[in-house]
Structures are given as structure tokens and as C-alpha cells.
Amino acid sequence: MIEYGQLTILTKLHDMAKYAYPALAQFPKSEKFAMVVDIKRCMNAVLERAIEASKKYHKKTTLQEMDVELMKLRHYLRLAHELGFLPPKKYEIWSGLVAEIGKMLGGWIKQVADNPPK
């Protein structure tokens, strides 16, 4: 069964994807098969790790992998903004969503570390 906090992070990931896809559609054509694909891959990997962690008994490694993918996503977003592909307002909103997910993930990792499986 998915706990309340895990359900919330899945909802936030879904909300982020709903925001991201229209923003990615506005990237220049030259980046549609490069940076856009990388960003989508990272978002999908974060979502996949969240689903896997919610279903696994041993979560620590999966949550660490999710954290790595989220860090990659942060860097891609910053680079897209610096290159002018992502307007300041969209960058601010999207990076805020990523930061919120990161805080939730940090809490989940701490919860797993404090309560290891028996």
C-alpha cells in the first residue's frame, strides 16, 4: 500500500509533468531531439523510481537513484534557462516544482533511513 507521503510525491511528479510537456513543446526545433529528450527521460526516470520505491520493501537504493535523476533534471533545467530555451517565469515555476519534489524526496529518504526494514 502506498503511504500518504508517497502518494503526494507521485501527485507532485504528475503535476510537474503536466506543466513540463507544454513548456518543452516551445523549445527550438534544434533541441527537440536533444535536450528535450534528455529532460523527458529524466522526468520519466524520477517518476519510475518513485513508483518502484513505493512498491519495494527495500527502498534506499531506489530512492538514491531517484535523487540522482532529480539532480540531473535540475541541471538540465538550469542549462535550458541559461541558453534561453526556457523563459525566466517558466524556469522559476518548474524549478520550484522540482525543489518541492526534492524536499519531499529528502523527507522520504530520511524516513527510510530512520526506519530500516526489519
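Write out, first by first residue and then by second, each pair whose Cβ atoms fall under 9 Å of each other, whose residues are 6+ apart or on separate chains, and whose first residue, in the range 49-74, is without any contact (Cβ under 8 Å) to a residue 12 or more places away in the chain and more than 16 Å from L97 (Cα to Cα) while the second is among the acidic types (D, E) and surrounded by 14 or more Cβ atoms within 10 Å (Cβ to Cβ).
E52/E65
Here is a check on your reading of the model: is E48 modelled with pLDDT of 95 or more, among the acidic types (D, E) and over 19 Å from T8 (Cα atoms)? Give the derivation first.
Values: modelled with pLDDT of 95 or more: yes; among the acidic types (D, E): yes; over 19 Å from T8 (Cα atoms): no.
Criteria not met by E48.
Could you please let me know if A113 is of a type in the set (G, A, S) and under 11 Å from the mean Cα position of the chain (by Cα)?
Numbers: of a type in the set (G, A, S): yes; under 11 Å from the mean Cα position of the chain (by Cα): no.
Considered against the rule, which asks whether it is of a type in the set (G, A, S) and under 11 Å from the mean Cα position of the chain (by Cα), A113 comes out as no.
Evaluate the range 4-14: report whether one residue or more is among the polar types (S, T, N, Q), under 22 Å from A113 (Cα atoms) and at pLDDT 95 or above.
Step one: of the range 4-14, the residues among the polar types (S, T, N, Q) are 6, 8, 11.
Applying the additional criterion that residues be under 22 Å from A113 (Cα atoms) yields 6, 8.
So of that shortlist, the ones also at pLDDT 95 or above come out as none.
Scanning the range 4-14 turns up no residue that is among the polar types (S, T, N, Q), under 22 Å from A113 (Cα atoms) and at pLDDT 95 or above.
Hey, does the range 63-72 have a residue that's farther than 21 Å from I9 by Cβ and within 14 Å of the chain's Cα centre (by Cα)? Give the steps one after another, and end with the answer.
So the first thing to find is which residues in the range 63-72 are farther than 21 Å from I9 by Cβ, and the list is none.
Within the range 63-72 (the criterion being farther than 21 Å from I9 by Cβ and within 14 Å of the chain's Cα centre (by Cα)), the answer is no, since none of the residues qualifies.
For K12, state whether it is out of contact with any helix residue (DSSP H, G or I) (no Cβ under 7 Å at 6 or more places or on another chain) and of a type in the set (K, R). Walk me through how you get there before you give the answer.
Values: out of contact with any helix residue (DSSP H, G or I) (no Cβ under 7 Å at 6 or more places or on another chain): no; of a type in the set (K, R): yes.
Considered against the rule, which asks whether it is out of contact with any helix residue (DSSP H, G or I) (no Cβ under 7 Å at 6 or more places or on another chain) and of a type in the set (K, R), K12 comes out as no.
The values are calculated or read from the model by the stated rules, or taken from the named source; none is laboratory data. The model shown is predicted, which means the values in this text are computed figures rather than measured ones. Backbone-built Cβ (ideal geometry, glycine too); neighbour counts: all protein chains shown.
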